[in-house]
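Trainee: Below are the structure tokens for one structure; questions will follow.
Every read-out reported here was derived from the displayed coordinates using simple, explicitly stated rules and does not represent laboratory data. Quick caveat, the model's predicted, so the values are computed rather than measured. Quick reminder, even Gly has a Cβ in these numbers, built from the backbone with ideal geometry, and neighbours come from all protein chains shown.
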């Protein structure tokens, strides 16, 4: 028998050296140490606040978010409204040339009546018996007869994306042409303000103009015409 059989050597003694984690003086130092040790998101949580919420530099972060939201809101408002407000200007006064039921030209300047949308010049509607009639031309004719060579005064409100002046136009007696077109049923109220909602309700109740029968809203007519140039609903 070997003298070593049955004799087990004493286990070797190992000295365990604990590497002390460096003390981070800032969240950035803690984050760098964590990634160096391969701790991933553990290091990221170390860089957060005591409750694991937003970074400790909250004011700067919130400022960036606020600026981004304001920029997005401004872009959205310009897209939806398609108009840029103007500073208070003197009214445009002179003889008006009728383009269609909601557009005129005055002194070489294109003007769009604010708050209303009249049928397009080539638009058709249906009367009470279901027969098609040229409501767009009728709207242009109604505006022309209402002005009848009188001096028109237009107060600019904004400029649309086509460069036209958006304005409220009146006659010498102070009557509002925009409101008159809606009240007679030759235009619908448009815009978010609902300035001429009461005039539209009156025209609809009395079945005046386009409210006598059925019609496609001018905005939908323009969209259908752009999508299908050779298609006419009626």
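Trainee: Return 116, 216 ranked ascending by Cβ neighbour count within 10 Å, so the fewest neighbours appear first. Could you put the intermediate results ahead of the total?
Mentor: Details: 116 26, 216 20.
Lowest to highest Cβ neighbour count: 216, 116.
Trainee: Give the peptides 100-111, 127-138 in descending order of average Cβ contacts within 10 Å, highest first.
Mentor: Ranked from most to least packed, the peptides come out as 100-111, 127-138.
Trainee: Given N residues in segment 86-227, what is its alpha carbon radius of gyration divided by 2.2 N^0.38 Å?
Mentor: 1.01
Trainee: So for each of 141-148, 178-185, 88-95 I average, over its residues, the number of other beta carbons within 10 Å; can you give me the resulting order with the highest mean first?
Mentor: Top of the packing list down: 178-185, 141-148, 88-95.
Trainee: Can you tell me the length gained on complete extension of the stretch residue 63 to residue 132, counting 0.36 nm per residue apart and subtracting the Cα distance? Could you put the intermediate results ahead of the total?
Mentor: Working: separation 69, 0.36 × 69 = 24.84 nm, distance 5.77 nm.
The residue 63-residue 132 span can extend by a further 19.1 nm.
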